[in-house]
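Heads up, the thing below is written out as structure tokens.
The values are calculated or read from the model by the stated rules, or taken from the named source; none is laboratory data. None of the values given here were measured: they were computed from a predicted structure. FYI the Cβ positions are ideal-geometry reconstructions off the backbone, even for glycines, and counts take in every protein chain you see.
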Amino acid sequence: MASMRDIKRRRESIQSTGQITRAMKLVSTVKLQKARGRAERAKPFFEATYETVSMILEQSAGAMEAIMKSNPQGKKAVVVITSNRGLAGGYNNNVVKAVTEQNWDPDDVLIYAVGHKGMEALARRGYTIAADHSDVINAPLYDDARQIGKELLTRYQAGEIGEIFLAYTAFKNTVVHEPKLIRLLPAEEEAFASSRGQRSQVPMNFEPEAEEVLDLIIPKYLTSLIFGAFTEAVASENGARMQAMDSATSNAEEMINDLSLQYNRARQSSITQELTEIIGGAEALS
């Protein structure tokens, strides 16, 4: 059995850790409320942008062909959105797994990292880090998403990139966060078909032509989905960290209770031993 001193030291150490995890849980809870509100306010705009693109594509076969066409010679570009800090349970690992489970050749993949944790994990697995935008996730702005989208679209149009993917964690609610890997370009026809099936078929006129309108819309389409992923990822990160810290705090409290019981038993055993020695000594002197 461990000594009373060892048990006391360990209990004090766990108490200190529990105070830290409790404080981190409270901080994450406050951040989650702000991030969730931002994600909920922004979501209608991103959905409207996606819906607009789908309507334009439906009215223009030429535009549909252009946006659906892939370049087999180009590499896959993946925008991977994770966090810069750990202590968030499986939040970062789940996003990394969404990429690695595709069984792509790492030499054919370019990672546009938004978050140190995902970047470091994928670099260890042999993936090429084409760009590091990790600072963006600390306070994501629409202009940050625009810059990343512009860089990707330029390389896509030049043929250097054949496909553009987005890996992030979708925010469902406080306790449910879903890692996703979606293809942004070439657009998936099934996704647009699903969107078109949910709205009324209203004739549309374009000025200028649909293809020219699409040239202006596609950068906004990319930017909107990337920024939408930013807002949901931030909310998901804080939700995951809040749950992880809540679990850690509960575990610390259980360990403190167990150690307190061990300490009391060790103290009782020590007192009993001292009494036995005193009684034994008294009998020896009589």
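Among the criteria (1) more than 24 Å from G159 (Cα to Cα); (2) in contact with a Ser or Thr (Cβ under 8 Å, 6 or more places away or on another chain); (3) surrounded by fewer than 14 Cβ atoms within 10 Å (Cβ to Cβ), the one D107 does not fulfil is (1). Take N257 and tell me if it is loosely packed, with under 14 Cβ neighbours inside 10 Å, part of a helix (DSSP H, G or I) and modelled with pLDDT of 90 or more. Taking the combined requirement at face value, the residue satisfies it. Determine if the range 89-102 includes at least one residue that is at pLDDT below 90 and part of a loop (DSSP other than H, G, I, E, B). The answer is yes, given that some residue of the range 89-102 is at pLDDT below 90 and part of a loop (DSSP other than H, G, I, E, B).
Close contacts from the range 218-232, counting a first residue that is charged (D, E, K, R) and a second that is outside any helix (DSSP H, G or I), with Cβ to Cβ under 6 Å and a gap of 6+ residues or different chains, come to E232/A170; E232/F171. Do we have any residue at all in the range 107-117 that's farther than 14 Å from A167 by Cα, over 12 Å from the mean Cα position of the chain (by Cα) and free of Cβ contacts under 8 Å to residues at least 12 places away in the same chain? No, there is no match, as no residue in the range 107-117 is farther than 14 Å from A167 by Cα, over 12 Å from the mean Cα position of the chain (by Cα) and free of Cβ contacts under 8 Å to residues at least 12 places away in the same chain. Per the listing G62, G86, the residue uniquely surrounded by fewer than 17 Cβ atoms within 10 Å (Cβ to Cβ), at pLDDT below 95, of a type outside the set (S, T, Y) and assigned to a helix (DSSP H, G or I) is G62.
Inspect the range 270-284 for any residue being surrounded by 16 or more Cβ atoms within 10 Å (Cβ to Cβ) and not hydroxyl-bearing (S, T, Y) and give the result as yes or no. Taking every residue of the range 270-284 in turn, none turns out to be surrounded by 16 or more Cβ atoms within 10 Å (Cβ to Cβ) and not hydroxyl-bearing (S, T, Y).
When you scan the range 131-176, how many residues do you find that are of a type outside the set (A, V, I, L, M, F, W, C) and under 20 Å from A121 (Cα atoms)? Give the steps one after another, and end with the answer.
If we filter the range 131-176 for residues that are of a type outside the set (A, V, I, L, M, F, W, C), which is where we start, we get 132-135, 138, 140, 142-144, 146-147, 149-151, 154-157, 159-160, 162-163, 168-169, 172-174.
Pick out the ones that are also under 20 Å from A121 (Cα atoms) and you get 132-135, 138, 168-169.
Summing the residues that are of a type outside the set (A, V, I, L, M, F, W, C) and under 20 Å from A121 (Cα atoms) in the range 131-176 gives 7.
Of all residues in the range 119-141, those satisfying the criterion of being touching a residue at least 40 places away in the same chain (Cβ under 8 Å), surrounded by 15 or more Cβ atoms within 10 Å (Cβ to Cβ) and under 18 Å from the mean Cα position of the chain (by Cα) are L122, S134, V136, I137, P140. Pairs are defined by a Cβ separation below 7 Å, a sequence spacing of at least 6 or placement on different chains, a first member in the range 9-23 that is within 17 Å of D246 (Cβ to Cβ), and a second member that is of a type in the set (D, E, K, R); the pairs so defined are G18/E253.
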